[in-house]
Amino acid sequence: MKKFFGILILICLFFPGSVGAVSVDIPQGIAQGEPFWVELNSEKNVSSIYVKWMGKAVTYPADLPGTQKILLGAGLDHTGDYPLEFFFDFEDGTLSSKYTVSIGEKEYPEQRLTLPESMVTPPQEVIDRIVREREKIVRALNAIENDRFWSENFIRPVSGDVSSPFGVRRFLNDHPRSPHRGVDFRGPEGTPIKAMESGKVTLTGDFYYGGKTVILDHGLGLQTVYMHLSEIQVNQGEYISKEDIIGLVGMTGRSTGPHLHFGVYVLGEAVDPLPLVGE
Ligand SMILES: [Zn+2]
């Protein structure tokens, strides 16, 4: 049996600009919790693009030659310099490039709440339930599906105003709690909720904090989360299209009034949804 060995040409460039035939445009001034687009331009045919960012990796099907955008996110819990690596597969070899992306600090508003201690610490059985549910949700949000179901034009799931923005730093009886990893939209109970983009329903459930919840996987590390629904109208495993109704606004779970908690995750990191779906 004959074996053929391809020759892999690997060129590493450690400065921004042109990588052989591909130019890489990374926006400046990215702050923690923000999504951002990296624009690629190539005159040559590229078959695939492998991207490494924040300990995750994703393979994009290439739309090159031409221009292509890569969606990434700066995690809410990370500031400072992080490496961003690209590997481009051409017909005649592979090119790699590595950049440093600086993530700046952002002052998110604070919210302080005081409650009787008995309401702050739930009983052990509830804590066990919360831990189990969090594991399920984190697993769903960290899955990376290699098919892409998204374009670059996302839609806002409901039209209501923002009642609580992304990133709010919450304190309960002066103890820091998890920051707000989504945006809350006002909406009367029963308002239909549209899918931000096409995708696969990867998780539905009725959870302690989030109440009736839907998670959609749009592929290539992009996920959306919809919480506190009064009714879920999709099934786990189902493929849905952009603007399909996935459920109705409600106040299930820990919620003081009807609203939609809407979260966008990129490669497992929560980012502010508003730059993607519009103020
Ligand atoms: Zn919320």
Note, the range 189-206: 3J(HN,Hα) by Karplus (6.51, -1.76, 1.60, θ = phi - 60°), whole Hz, Gly/Pro = x, goes 3, x, 5, x, 10, 9, 5, 4, 7, 5, x, 10, 6, 9, 8, 10, x, 10
If you build a Gaussian network model of the chain, linking Cα atoms that sit under 10 Å apart, which residue out of Thr202, Thr94, Thr114 swings the most?
-> Thr114
Using alpha carbons only, how many degrees (0 to 90, rounded to 10) separate the axis of helix 124-142 from the longest principal axis of the chain?
-> 30
From largest accessible area down, sort Phe154, Phe149; use a 1.4 Å probe on the protein chains.
-> Phe149, Phe154
What percentage of the solvent-accessible surface of the range 12-104, computed with a 1.4 Å probe over protein heavy atoms, is contributed by carbon and sulfur atoms?
-> 49
Given +1 on the Cβ of Lys and Arg, -1 on the Cβ of Asp and Glu, and no further charges, what dipole in debye does the chain carry about its Cα centre, rounded to the nearest 20?
-> 500
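Restricting attention to the range 68-134, which GluC sites (Glu not before Pro) occupy a DSSP loop and are surrounded by at most 16 other Cβ atoms within 10 Å? Mind dumping the intermediate values first?
Values: sites: Glu85, Glu91, Glu105, Glu107, Glu110, Glu117, Glu125, Glu133; in loops: Glu91, Glu105, Glu107.
Answer by residue number: Glu91, Glu105, Glu107.
How much area per residue is accessible in the range 110-277 when the probe is 1.4 Å and only protein heavy atoms are counted (Å²)?
Heavy-atom accessible area per residue stands at 47 Å².
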Using the heavy atoms of the protein chains and a 1.4 angstrom probe, tell me the accessible area per residue for the range 12-104 in square angstrom.
-> 43
For the range 161-171, take each phi angle, set θ = phi - 60°, evaluate the Karplus expression 6.51 cos²θ - 1.76 cosθ + 1.60, and give the result in whole Hz per residue in order, putting x for glycine and proline.
-> 5, 7, 9, 8, x, 5, x, 3, 8, 9, 10
Solvent-free Debye scattering, log10 I(q)/I(0), computed from the Cα coordinates of the chain at q = 0.07, 0.08, 0.16 Å⁻¹ | -0.30, -0.38, -1.25
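The values are calculated or read from the model by the stated rules, or taken from the named source; none is laboratory data. Computed from a predicted model, the values in this text were never measured in an experiment. Cβ coordinates were reconstructed from backbone atoms using ideal geometry, including for glycine residues, and neighbour counts include every protein chain displayed. The accessibility values were calculated without ligands, DNA or RNA, using every heavy atom of the protein model including side chains. Shrake-Rupley method; radii C 1.70, N 1.55, O 1.52, S 1.80 Å.
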